[in-house]
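First up is the structure itself, then whatever we jot down about it.
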Amino acid sequence: MLGEFLEISLSTPDILASIEFYERLGFNHASTGETRKHPYAVLTDGRLYLGLHKYEFTSPALTFVLPELNKRIAAFEALDIRFEFCNIALDQFNELGFLDPDGQMVTLLEARTYSPLHASHAKATLCGYFLEYRLAVRDRDESARFWEALGFLPLGHTEEPVPYAQAARNDINLGLLQAPRRSAPTLVFAQDDMQGTAELLDARGFDIRETADGIVLQAPEGTVLSLLRPDETLPDTGVIESDA
């Protein structure tokens with residue numbers, strides 16, 4: 001229903017600082033077109049695509065490509081989805097956006113805005129393997145129902161220490177972590193060499209915070225990156241209960 005996943009779109013007031021941050025982590029540039037009128041860059045490890053926009057919008061946004069967008073509006077309205085914006089016209093770049101129950105922006109575009117990196121050019125970054133885009137949600141089950149209605153597939157859930165579920169669609173995994181208060185979404189990575197990574201990050205001038213589970217760092221535009229040991233990628237090492 002959402003189409004092809006494109007990128008996690010990030011609004012940044014200083015696009016050069018954001019680009020430099022991800023480059024130092026080892027991310028590559030994807031080739032972008034001229035669709036956008038504002039400065040725009042895409043940084044990727046071949047699995048995760050981050051769209052950096054020098055433009056103010058509700059950020060971060062999960063962005064998908066859905067051809068013939070004008071013909072799909074009714075299907076979203078049937079799910080009682082209200083659009084935050086809907087720019088559909090013959091003489092402009094068609095896009096629309098809506099919020100999930102916890103305020104996460106979802107953006108749909110009619111066409112791609114960059115060329116994905118060929119698998120042979122992908123390389124590992126200091127972050128490790130990208131696992132999921134983790135959201136703090138008020139009600140895990142309500143959130144899971146919302147995303148499943150949009151075509152995400154449930155991968156599993158856990159109850160302890162807090163309700164958590166994971167769902168996936170088109171190269172993007174969502175982690176739904178029930179929390180008493182809203183917090184910023186997090187890019188979660190699995191990193192098996194935590195000590196060596198901490199030393200490399202320090203040597204490259206990153207301001208990191210080491211925790212019992214791993215490493216946390218923040219990009220110039222505010223994006224939170226969490227590097228966790230493979231056995232700590234769920235809250236408090238909880239074991240996922242399979243839905244199968």
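The values are calculated or read from the model by the stated rules, or taken from the named source; none is laboratory data. On a predicted model such as this, the values are computed, not experimentally measured, just so you know. Virtual Cβ from ideal backbone geometry, glycine too; neighbours counted across all protein chains shown.
Please note which strands (runs of 3 or more DSSP E) are completely contained in region 124-185 and include at least 2 residues that are among the aliphatic types (A, V, I, L, M) and crowded, with 21+ Cβ neighbours inside 10 Å.
Correct list: 129-137, 164-169, 172-178.
Conditions tested, residue by residue: (1) modelled with pLDDT under 95; (2) in contact with an Asp or Glu (Cβ under 8 Å, 6 or more places away or on another chain).
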{"position": "G51", "(1), (2)": "no, yes"}
{"position": "F83", "(1), (2)": "no, no"}
{"position": "V106", "(1), (2)": "no, yes"}
{"position": "S115", "(1), (2)": "yes, no"}
{"position": "Y133", "(1), (2)": "no, no"}
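Take the conditions within 17 Å of S11 (Cβ to Cβ), outside the structural domain of A219 (by TED's automatic domain parsing) and of a type in the set (A, V, I, L, M) and apply them to L43. Does it pass?
Answer is yes for this residue.
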Just to be sure I understand, how many residues within region 204-244 are of a type in the set (G, A, S), modelled with pLDDT of 85 or more and part of a loop (DSSP other than H, G, I, E, B)? 4
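For a quick check of your reading: which strands (runs of 3 or more DSSP E) sit entirely within region 1-117 and have at least 2 residues that are touching a strand residue (DSSP E or B) at 6+ places or on another chain (Cβ under 8 Å) and charged (D, E, K, R)?
On the way: elements: 4-11, 28-32, 40-44, 49-53, 61-65, 83-87, 95-99, 105-109.
Here the list reads 4-11.
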Only listed residue being within 16 Å of the chain's Cα centre (by Cα) and of a type outside the set (F, W, Y), chosen from L117, L126, L108, L155: L108
Of the conditions (1) under 30 Å from T107 (Cβ atoms); (2) in a helix (DSSP H, G or I); (3) touching a strand residue (DSSP E or B) at 6+ places or on another chain (Cβ under 6 Å), L201 satisfies every one except a single condition; which number is it? (1)
Kindly list the number of the only condition in (1) in contact (Cβ under 8 Å) with a residue 24 or more places away in the chain; (2) surrounded by 13 or more Cβ atoms within 10 Å (Cβ to Cβ) that fails for I73. (1)
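Residue by residue, here is whether (1) assigned by TED's automatic domain parsing to the domain that holds S59; (2) under 14 Å from the mean Cα position of the chain (by Cα); (3) β-branched (V, I, T) holds:
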residue: V137; (1), (2), (3): no, no, yes
residue: N170; (1), (2), (3): no, yes, no
residue: L174; (1), (2), (3): no, yes, no
residue: S183; (1), (2), (3): no, no, no
residue: V188; (1), (2), (3): no, yes, yes
residue: L201; (1), (2), (3): no, no, no
residue: I208; (1), (2), (3): no, no, yes
In region 86-100, what residues are surrounded by fewer than 15 Cβ atoms within 10 Å (Cβ to Cβ) and either at pLDDT 95 or above or closer than 18 Å to V224 by Cα (or both)? none
